[in-house]
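Read through the structure below, which is laid out as structure tokens, and then see the notes.
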Amino acid sequence: MNRDIMPRQAPATPGLENPGRRQILLGSASAMAAVTLLGFTPLARAEEPKSLPDYAAWKERNALIVHSANTMETQRDAIGQGVITPSDRLFIRNNLPTPPEAIVADRDAWEIQVEGVKNPGSITIGELKKLGVTTVASVLQCSGNGRAFFPHGAGGTQWSVGAAGCIAWTGVPLKDVVEAMGGPADGAGYITSTGGEELPEGLDPMQATVERSVPMRAMEQALLAWGMNDEDLPLTHGGPLRMVIPGFYGVNNVKYVKKVALTEAQTNVKIQASSYRVRDVGVKGSPDQPSMWEMNVKSWVTSPLESAGKGRTMIYGVALGGTVDLDKVEVSLDGGENWQQARFLGPDLGPFAWRPFVLAADLSPGEYRIVSKATDVEGNSQPEGRTDNERGYGHNGWSDHGVTLVVS
């Protein structure tokens with residue numbers, strides 16, 4: 001196995017039912033009162049929402065599970081049936097404190113340094129906008145999405161399924177920028193992006209700087225994005241400029257990007273050298289372990305989650321292929337004993353976007369274990385179980401991601 005790449009398919013070891021985590025697995029009940037054009041349902045919650053940090057105050061509080069000031073997860077029932085995730089429902093995961101609002105006061109003046117090209121130099125967003133522009137729909141997903149299902153108690157935010165969303169990113173293709181600056185210098189093997197956050201006093205830059213390297217093969221889809229969902233990229237999500245690597249896990253999509261370098265080797269800062277590395281439980285991270293780069297094929301049910309009335313029931317969910325198109329999604333009502341093929345909903349926005357799906361089922365009273373299984377065009381399917389690893393990364397097993405539905 002190539003030690004630099006996260007395996008696309010995990011061994012089919014059965015996932016645990018783990019009844020004690022049922023509430024995490026199920027989420028909250030949907031209030032199917034109405035559906036907007038994007039396919040999202042208004043939420044009904046019993047409790048008044050708690051306040052959000054100032055940088056995220058514009059978010060829809062009832063759509064989020066707040067794990068900490070820097071980590072907020074989209075409720076499973078807030079994902080909805082649309083292709084594009086509304087910005088105010090998108091999850092938040094920040095490694096460092098959010099920079100001040102001042103950095104988005106004059107967006108076009110934001111400047112980045114470009115190195116590892118034949119004509120290195122600095123360039124502003126205003127100048128980038130003259131080089132080219134494209135919009136790409138792409139799933140943004142935290143490497144630890146699904147971590148809550150690991151029985152060993154993997155360290156980190158206990159994400160269920162909501163550390164993911166599908167975004168329309170607007171920006172300039174990185175390859176256009178590199179071409180305008182003379183092309184790659186000799187020996188370029190990686191795209192290394194550095195974030196522009198100011199480090200809190202006392203932190204070692206080698207331990208705290210957000211700097212990630214991805215293989216040069218990502219040049220084909222990488223872009224420097226200044227827009228998100230047809231609006232300026234919010235400060236909350238990396239504005240004024242973010243490196244976006246469609247098909248790759250979120251950590252590689254560096255926020256507040258200030259430097260892009262084509263380098264011979266991967267950066268040796270901690271977030272690259274030892275963090276976000278896949279290793280056995282109890283093993284420390286090191287550069288020789290697989291890095292969290294390309295995403296694997298995955299799906300999960302979004303509605304209904306806990307209860308439903310007997311008769312005709314529409315079962316909704318979302319699926320992604322990572323870096324390739326999806327072929328099909330199957331749904332089982334009996335925990336994987338029997339499968340039925342679901343139907344994709346909405347437009348196909350390309351290999352990096354997710355596809356909402358639906359299965360119409362006639363349900364009699366009783367309890368159902370509903371699971372979904374996606375298969376991509378290369379024949380990769382979700383395994384039944386997980387690949388246990390120290391940090392709970394890359395979980396795409398269909399068993400853990402299911403829901404138990406009571407029909408009356």
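Normalising by the residue count of the range 83-146, find the relative contact order in percent from Cα pairs under 8 Å and 6+ residues apart.
Dividing the mean separation by the residue count of the range 83-146 yields 23 percent.
If you add up the charges near Gly132, with Lys and Arg at +1 and Asp and Glu at -1, over every other residue whose beta carbon is less than 12 angstrom from its beta carbon, what do you get?
0
In the chain, what % of DSSP beta bridges are antiparallel (nearest 5)?
In the chain, DSSP labels about 90 percent of beta bridges as antiparallel.
Quote the Stokes-Einstein diffusion coefficient, in whole µm² s⁻¹, for the range 320-408, based on the Kirkwood radius over alpha carbon pairs, a temperature of 25 °C and a viscosity of 0.890 mPa s.
Translational D for this selection: 173 µm²/s.
Pairs Lys59/Lys255; Lys59/Lys130; Lys175/Lys259; Lys258/Lys284; Lys328/Lys373; Lys175/Lys258: which exceed 20 Å Cα-Cα?
Lys59/Lys130; Lys258/Lys284, as the Cα separations exceed 20 Å there.
Quick check on packing: order 241-249, 190-198 by the mean number of other C-beta atoms within 10 Å, highest mean leading.
Taking the mean over residues of other Cβ atoms within 10 Å, the ranking is 241-249, 190-198.
What percentage of the solvent-accessible surface of the chain, computed with a 1.4 Å probe over protein heavy atoms, is contributed by carbon and sulfur atoms?
Roughly 49 percent, rounded to a whole number.
Just order 101-111, 217-227 by mean Cβ neighbour count inside 10 Å, highest at the front, would you?
Averaged packing, sorted descending, gives the order 217-227, 101-111.
So, in Å, what gap is there between the alpha-carbon centers of the range 282-304 and the range 80-133?
Computed from Cα coordinates, the inter-centre distance equals 25 Å.
At 1.4 Å probe size, with every protein chain present, just tell me what the per residue accessible area of the range 356-408 comes to in Å².
In whole numbers, the range 356-408 has 30 Å² accessible per residue.
First check a/c for the range 182-274, with a ≥ b ≥ c the square roots of the eigenvalues of its C-alpha gyration tensor; if it is under 1.5, answer rounded, and if not, answer prolate when a/b is larger than b/c or oblate otherwise.
Oblate, because a/c is 1.5 or more while a/b does not exceed b/c.
Sorted from largest down, give the three principal axis spans of the alpha carbons of the chain, whole angstrom values.
Extents along the principal axes: 68, 44, 41 Å.
Can you tell me the accessible area per residue over the range 209-249, all protein chains present, probe 1.4 angstrom, in square angstrom?
23 Å²
For the range 64-194, report the % of Cα-Cα distances exceeding 21 Å.
Roughly 58 percent, once rounded to a whole number.
The values are calculated or read from the model by the stated rules, or taken from the named source; none is laboratory data. Because the structure is predicted, anything quoted here is derived from the model rather than measured. Positions of Cβ are generated from backbone atoms using ideal geometry, with glycine treated the same way; all protein chains shown enter the neighbour counts. SASA here: full protein model, heavy atoms, side chains in, ligands and nucleic acids out. Shrake-Rupley method; radii C 1.70, N 1.55, O 1.52, S 1.80 Å.
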